[in-house]
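Peer 1: Dropping the structure in here first, questions after.
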Amino acid sequence: MEVPVVDLGRADAPAAIDRACRTTGFFALRGHGVPDDLRTAVLDASRRFFDLPVEVKRRVSLATGGTAWRGWFPLGDELTSGVPDLKEGFYVGRELPPSDVPLHGPNVWPAEVPELRTAVTAWMTAMEDLGQRTLAAMATGLGLDAAWFRRELTADPTVLFRVFRYPPHPDAAPDRWGVGEHTDYGLLTLLAHDGTPGLEVKVGGEWVEVDPDPQLVVCNLGDMLDRLTLGRYRSTAHRVRNVAGHDRISLPFFLDPGWDVVVRPVPIDDDWVAPLERSERWDRADLTTVAGPYGDWLLAKVRKVFPKLADAVLD
């Protein structure tokens, strides 16, 4: 099975997205209206940043971002299921004043690459707009009114953005994952990249490679979308394989529920019946038991990704 490609500009986009969400949990968008030159600007600025010496990148490390959880981390610092990922990255969020709320506050930007701030800020604006349009189509596909997600969950969303660099995989070396099998935590992830393959999705027990066309924006569903649809839309496990020859730049944008929003199942009137036999989640989690505000769920997950940093800046 391939990851479906949906033209967001077509009248049948809501139905096509609904089918994709109930099968693969992943789909790719064309007709999204995001200019190629904007993506190129982010990729170019990101490469210039990652090419800086380590001691320069360390000036804008995650530790300097404090509780806002913004900045750079080196290769191997981020964990997935306790295993170090083979990637380095740069964390960004909405530009906010200093706050006592974790994951809220000002970004940190490298003075050596001033264009990174300009490009990323414009990109995040475009991705948030695209994310809201995609959620509106998704709501229509579910039989809800188009404004449902914005009204109920994303009027003041939790917005996070990452830039990741996956280094080349050494020839003849054992398999090593840029990021291992996982699902995303929130509602909707919008992913752009530089056209290098490596992203794989687990569909029906088989790993499927996602089309690396850089003009597509890949969408995948988070755990909270799985929870609120009672499994109709399942958050699908995925991973990234580092490739030989050159590195890969990835631009995941996360449009998630508001920090204080409690995600509850949605009343959906359809004839869907949960399959009697369903593959167990990669982490054995039962999403039906999730309670409390989204921020609590996200913070618990973040602590496992950077446990030492969390102990230092979040407690």
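Peer 1: Looking at ARG58, ARG94, which one is within 21 Å of THR189 (Cβ to Cβ) and among the charged types (D, E, K, R)?
Peer 2: Numbers: ARG58 fails: within 21 Å of THR189 (Cβ to Cβ).
Unique residue meeting the criteria: ARG94.
Peer 1: Just name the residue that is farthest from GLY76 (Cα to Cα) out of those in the stretch 173-215 that are in a loop (DSSP other than H, G, I, E, B) and small (Gly, Ala, Ser). Show your work before the answer.
Peer 2: Taking the stretch 173-215 and keeping what is in a loop (DSSP other than H, G, I, E, B), we get 173-176, 183-187, 194-198, 204-205, 210-215.
In the following step, the residues that additionally are small (Gly, Ala, Ser) were identified as 173, 186, 195, 198, 204-205.
Values: ALA173: 17, GLY186: 24, GLY195: 23, GLY198: 18, GLY204: 30, GLY205: 28 Å.
The extreme case among them is GLY204.
Peer 1: Let me ask you something else. Before we move on, is THR236 over 30 Å from ASP194 (Cβ atoms), out of contact with any Pro (no Cβ under 8 Å at 6 or more places or on another chain) and of a type outside the set (A, V, I, L, M)? Before the answer, list the steps.
Peer 2: Details: over 30 Å from ASP194 (Cβ atoms): no; out of contact with any Pro (no Cβ under 8 Å at 6 or more places or on another chain): yes; of a type outside the set (A, V, I, L, M): yes.
Here the answer is no, as THR236 does not meet what is asked.
Peer 1: Out of the strands (runs of 3 or more DSSP E) lying entirely within the stretch 216-315, which hold 2 or more residues that are surrounded by 15 or more Cβ atoms within 10 Å (Cβ to Cβ), out of contact with any strand residue (DSSP E or B) (no Cβ under 7 Å at 6 or more places or on another chain) and at negative phi?
Peer 2: On the way: elements: 217-221, 238-241, 248-256.
The strands (runs of 3 or more DSSP E) meeting that bar number zero.
Peer 1: If THR134 meets every condition in (1) hydroxyl-bearing (Ser, Thr, Tyr); (2) within 17 Å of ASP256 (Cα to Cα); (3) part of a loop (DSSP other than H, G, I, E, B) apart from one, which number is that one?
Peer 2: Going through (1) hydroxyl-bearing (Ser, Thr, Tyr); (2) within 17 Å of ASP256 (Cα to Cα); (3) part of a loop (DSSP other than H, G, I, E, B) one by one, THR134 breaks only (3).
Peer 1: Just checking, how many residues over the stretch 19-77 are surrounded by 15 or more Cβ atoms within 10 Å (Cβ to Cβ) and in a loop (DSSP other than H, G, I, E, B)?
Peer 2: Of the residues in that region, 9 qualify.
Peer 1: Examine the stretch 189-210 for a residue that is within 25 Å of ASP260 (Cβ to Cβ) and either buried (at least 22 other Cβ atoms within 10 Å of the Cβ) or of a type in the set (Phe, Trp, Tyr) (or both), and state whether such a residue exists.
Peer 2: Scanning the stretch 189-210, I find at least one residue that is within 25 Å of ASP260 (Cβ to Cβ) and either buried (at least 22 other Cβ atoms within 10 Å of the Cβ) or of a type in the set (Phe, Trp, Tyr) (or both), so the answer is yes.
Peer 1: Looking at the stretch 109-124, which of its residues are under 20 Å from the mean Cα position of the chain (by Cα) and touching a residue at least 24 places away in the same chain (Cβ under 8 Å)?
Peer 2: The answer is LEU116, ALA119, VAL120, THR121, ALA122, TRP123, MET124.
Peer 1: Look at the stretch 81-109 and say how many of its residues are surrounded by fewer than 18 Cβ atoms within 10 Å (Cβ to Cβ) and of a type in the set (S, T, N, Q).
Peer 2: Looking only at that region, the number is 2.
Peer 1: Please determine, by comparing only the residues of the stretch 138-147 that are surrounded by fewer than 19 Cβ atoms within 10 Å (Cβ to Cβ) and of a type in the set (A, V, I, L, M, F, W, C), which one is nearest to VAL6 (Cα to Cα).
Peer 2: Ranking the candidates gives ALA146 first.
Peer 1: Does the stretch 279-291 contain at least one residue that is over 22 Å from the mean Cα position of the chain (by Cα), within 23 Å of VAL163 (Cα to Cα) and modelled with pLDDT under 90? Talk me through it step by step, then tell me what you get.
Peer 2: Step one: list which residues in the stretch 279-291 are over 22 Å from the mean Cα position of the chain (by Cα), which gives 279, 289.
Next cut, within 23 Å of VAL163 (Cα to Cα) only: none.
Checked against the condition, which is being over 22 Å from the mean Cα position of the chain (by Cα), within 23 Å of VAL163 (Cα to Cα) and modelled with pLDDT under 90, the stretch 279-291 yields no hits at all.
Peer 1: In the stretch 167-176, is there at least one residue being among the hydrophobic types (A, V, I, L, M, F, W, C) and either buried (at least 18 other Cβ atoms within 10 Å of the Cβ) or touching a helix residue (DSSP H, G or I) at 6+ places or on another chain (Cβ under 6 Å) (or both)?
Peer 2: No, every residue in the stretch 167-176 fails to be among the hydrophobic types (A, V, I, L, M, F, W, C) and either buried (at least 18 other Cβ atoms within 10 Å of the Cβ) or touching a helix residue (DSSP H, G or I) at 6+ places or on another chain (Cβ under 6 Å) (or both).
The values are calculated or read from the model by the stated rules, or taken from the named source; none is laboratory data. Predicted model, so just to flag it, every value in this text is computed and none were measured. Note that we place each Cβ from the backbone using ideal geometry, even for glycine, and neighbour counts take in every protein chain shown.
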